[in-house]
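All remarks here apply to the structure that follows.
The values are calculated or read from the model by the stated rules, or taken from the named source; none is laboratory data. Just so it is clear, the structure is predicted and the values come from calculations on it, not from any experiment. No Cβ is skipped: glycine too gets one built from the backbone with ideal geometry, and neighbour counts run over all protein chains shown. Heavy atoms of the whole protein, side chains included, go into the accessibility calculation; ligands, DNA and RNA do not. Shrake-Rupley method; radii C 1.70, N 1.55, O 1.52, S 1.80 Å.
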Amino acid sequence: MRVRPFYLLLAGGRARPRLAAGVAPAVAGAGLAQGRRGGQCGGLGCTQGNAYSLPRSPADPLRNQTAAELLSFLQQRLEQSNARSHEGVLSFTTAEAYRKFLARAQQSGLTVTGQLDALLTVRVHYDNLTDLQRELLQNAGDYAEVGANYLLQVPTVPSKEERAAVNQVPFGNDTLAFPRRDRRPQPVGPRHDHCCARQRGLAGCDLRPGAPALPGCRPGHGAGTGTEDGHGTAVAALAAGVAPDAPGVAPAAGILSIRVTGADGLSDIFTLSQAIVAAVQGGAQIINISMGGYASNGALTSAIDYAVAHGAVIVAAAGNDQAAQLTWPAADPRVISVGAVDALEQQVLFSNSGPQLQVTAPGFGVQTAWLDGQRVLLDGTSASAPIVAGAIAAVMSVYPQLNASQAWQLLQQSASDAGAPGDDPDYGNGILNLGWAMNRTNPAHIDTAVSSHYYDGASGEMEFVVQNRSGVAVTGMTLDVNAGGADSSYDVPRSILAPSTW
């Protein structure tokens, strides 16, 4: 089978180049969820409280205001504890307005610290907020959006929202056997070592302040030793590693690693938006983001727009805060948001949930690579996201006629139902089942299962979901139930088309 040269971006850290021999290129793809739920966050400073609401026209607060009113607005929007101090992210209505601002910025008392030409967006530093106030008063019509540069971070594992305690079971080195639904922890997808040796290695760049310039996206990818470097290595290995004790889902995938975090593990909305654009321009079709935060702005929305318009799609970690909402960018409905389950298909206690959640995947005690040849057991949706990203790449390697969005849709349709029947905020469309997706047209593949059982407290009834995960229709199935010592048997309706759910 001929391999197409797709690439996979992993943001939120970087893999060490000496591991690059274990990250061979092959197909990589990503999926797209077209506005399934919720709204988007506008550039005037979405916060945790209104992160899912539709924004008003972004430029409205900049017009028809007194100087005092505008200053108060800017203080509320920009001077927040979860944003970079003395910074703003400014987007412009036209290329001409953008060009004129760049020419006058220094005279206006503003220092441009980053540019996103493709999005007509800049990152600025101000010593005094009145300098920005004066610039906006004089040129309000030039601005599309003004927002804070919100902080993002690699997810931690705190405990917040009350949830029933469960005994979580780790995956160890059997992670790949889970989405394949077999007992062989082997990498999924062809390696094609003979055809791709010339492309082996790690392409990357560093977007942190003071790093080399972006063009070519090659500098700044020397070996690192910090925790954020270990996190990036772990994420990359889960998607595309080839080591037997740290296998990846798509071992032939090439890695375009764009570093966005500092030594403290923190990044920001502008830098992440810059990384998304750089990834698209670098040829990435699947963009994995294993980090997030609880606020967004127009720059990130525009960056996601840019990725979608260029056929690239984004997979992101839902967050590890045990919260009933997702972090950004996972909260954007166009992003494939991923929660975590353990080896018993239970939602992991810390995994964020919410109506935007798309799918769940292994995320507890997952063995993967770390720095200096080490192996670690990783907990978190940071692990779940690259497993889904790698699964999309693997589907595209088996079905080369599918584009990235179609590959994701196949995985979405082939997810194992869990939790409440159908789509739900804890599991999304269900649990990743790559084996089912890979065998949908294989007539020799027979796999029927009671996917989940769910007690509906309102009706007092137990609901069972039976899925036919085979490559053909299956007839003659019965569901035997023992409840309170009493046995019951139910005929399962004929599966007319495979796969199907009853």
Next item on the list: Please work out how much accessible surface S257 shows to a 1.4 Å probe, ignoring ligands, DNA and RNA, in Å² rounded to 10.
Entry: 10
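What's the ranking of 448-458, 370-380 by average number of surrounding C-beta atoms within 10 Å, highest first? Mind showing how you got there, number by number?
Numbers: 448-458: 13.2, 370-380: 17.6.
Those peptides, ordered most packed to least, come out 370-380, 448-458.
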Checklist line | Per-residue HN-Hα couplings for region 402-407 [Karplus 6.51, -1.76, 1.60; θ = phi - 60°; Hz; x = Gly/Pro] | finding: 8, 8, 4, 5, 5, 5
Next item on the list: Report the charge-dipole magnitude of region 381-502 in Debye, nearest 20, computed about the Cα centre from +1 at each Lys and Arg Cβ and -1 at each Asp and Glu Cβ.
Entry: 620
Next item on the list: Give the long-range amide H neighbours of N288: residues separated by 5 or more places, or on another chain, with amide H under 5 Å away, using H modelled in the peptide plane at 1.01 Å from N.
Entry: L9, L10, A11, V315
Note to self: List the residues, sorted by chain then number, that are 5 or more residues from V249 or on another chain and whose placed amide H is less than 5 Å from its amide H.
What the structure shows: A239, A240, G241
Check: Per-residue HN-Hα couplings for region 100-106, Karplus 6.51 cos²θ - 1.76 cosθ + 1.60 at θ = phi - 60°, whole Hz, x for Gly and Pro?
Finding: 5, 5, 4, 6, 9, 4, 4
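I'd like the carbon and sulfur percentage of the solvent accessible area for region 387-502, probe radius 1.4 Å, heavy atoms only, ligands and nucleic acids excluded.
Its accessible area is 50 percent carbon and sulfur atoms.
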Note to self: Keeping every protein chain present and rolling a 1.4 Å probe, give me the accessible area per residue for region 296-405 in Å².
What the structure shows: 21
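Tell me the per residue accessible area of region 84-138 using a 1.4 Å probe; a whole number in Å² is fine.
Value returned for region 84-138: 48 Å² of accessible area per residue.
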Notebook entry, point to check: Using modelled backbone amide H atoms (1.01 Å from N, in-plane), which distant-in-sequence or interchain residues come within less than 5 Å of D447's amide H?
Noted result: R469, S470, G471
Margin query: Students often check this: by mean Cβ neighbours within 10 Å, which of 73-82, 381-390, 317-326 ranks highest, and how do the rest follow?
Written below: 381-390, 317-326, 73-82
Notebook entry, point to check: Which percent of the accessible area of region 236-334 is formed by carbon and sulfur heavy atoms (probe 1.4 angstrom)?
Noted result: 55
Check: Ordered by packing density, taken as the mean number of other Cβ atoms within 10 Å over each peptide's residues, highest first, how do 353-365, 479-491 rank?
Finding: 353-365, 479-491
